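Worksheet for the structure shown next.
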Amino acid sequence: MSSDNSRPREITLRFLAEPTDVNFGGKVHGGAVMKWIDQAGYACAVGWSGYYCVTVFVGGIRFYKPIFIGQIIEVKATVVHTGTSSMHIAVDVSATDPKTGARKRTTRCLIVFVAVDGAGDTVPVPPWHPKTEEDKRLQQYAVRIGEMRKEQEDEWKSMELLELA
Ligand SMILES: CC(C)(COP(=O)(O)OP(=O)(O)OC[C@H]1O[C@@H](n2cnc3c(N)ncnc32)[C@H](O)[C@@H]1OP(=O)(O)O)[C@@H](O)C(=O)NCCC(=O)NCCS
């Protein structure tokens, strides 16, 4: 597949945090935020690759600040690294108080999607090439997270909790 950077590299979802997103403490549930991250990452991966995509890894997630019901949420997903079939996507979540306009970063994460065809087999994605210094830093971060993830997975595999047939 050719290198096609004319495809959208970023996508931002914007919506209100709704009462159905609330947790037992009256703020937005962490699981709701993770769902938004997955949705934005999915839309970004599909837009970049032109294929249906599945999540294979979620890492480096950090919840910085709570989100309150009625705040305006922005979930920005950006391709920061591509492999053969994988797209590493940085997702930033911010919340704005509509009364004051005050905006804060609430959550950050790196999520990896893989493009698959109708049979569920992986397919190559257009390569993304960093242009700016910031792009290069983000790509290096994604590569480093990938290396750490491999080490963790090897360690985790040696500690099976499930007995599978
Ligand atoms: C996606 C899937 C088909 C890939 O199959 P696989 O046998 O792991 O395929 P591969 O080993 O060739 O890996 C495919 C890509 O995934 C990447 N990958 C695999 N495991 C990974 C992990 N834990 N973290 C990050 N990337 C990973 C590989 O590096 C490879 O990337 P590349 O093509 O850019 O080099 C399979 O893992 C799968 O179906 N997973 C479940 C997906 C799912 O159900 N997600 C939740 C709902 S969407």
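For residue 65 and residue 137, what does the FRET efficiency come to when R0 = 25 Å and r is the distance between their Cβ atoms, rounded to the nearest 0.05?
0.60
When a footprinting reagent is the concern and you count Cβ atoms within 10 Å, what order do 16, 110, 138, 161 take, fewest first?
So the ranking, lowest neighbour count to highest, is 161, 16, 138, 110.
Can you put 85, 49, 94 in order of Cβ neighbours within 10 angstrom, beginning with the fewest?
85, 94, 49
How high is the relative contact order of the stretch 10-157? Use alpha-carbon pairs under 8 Å, at least six apart in sequence, and give a whole percent.
Relative contact order of the stretch 10-157: 25 percent.
Along its three principal axes, how long is the stretch 68-165 when you only count alpha carbons? Whole Å, largest extent first please.
55, 39, 31
Put a dot 7 Å past each Cα toward the Cβ at residue 57 and residue 117; how far apart are the dots in nm?
For residue 117 paired with residue 57, the spin-label model returns 2.5 nm.
Which chymotrypsin sites (Phe, Trp or Tyr not before Pro) from the stretch 1-109 combine a DSSP loop assignment with at most 16 other Cβ atoms within 10 Å?
24, 64, 68
When Lys and Arg each count +1 and Asp and Glu each count -1, what net charge do the other residues less than 9 Å away from residue 107, Cβ to Cβ, add up to?
Here the count lands on +3.
Who wins for biggest fluctuation among 100, 82, 122 in a Gaussian network model of the chain, springs between alpha carbons below 10 Å?
In this elastic network of the chain, the residue with the biggest mean-square fluctuation among 100, 82, 122 is 100.
When N is the residue count of the chain, what does its C-alpha Rg come to as a fraction of 2.2 N^0.38 Å?
In units of the 2.2 N^0.38 Å rule of thumb, it is 1.13.
GNM, the chain, Cα, under 10 Å: largest mean-square fluctuation among 83, 101, 60?
Greatest mean-square fluctuation among the candidates belongs to 101.
In what order do 129, 29, 88 fall by count of nearby beta-carbon atoms within 10 Å, going from fewest to most?
129, 29, 88
Within the chain, what's the longest stretch lacking trypsin sites (Lys or Arg not before Pro) that sit in DSSP loops with no more than 13 other Cβ atoms inside 10 Å?
In the chain, the maximal stretch lacking such sites is 1-98.
Laboratory data are not the source of any read-out in this text; all were calculated from the coordinates shown. Everything numeric here is computed off the predicted structure, so don't read it as measured data. Neighbour counts run over all protein chains shown; Cβ positions are idealised from the backbone, glycine included.
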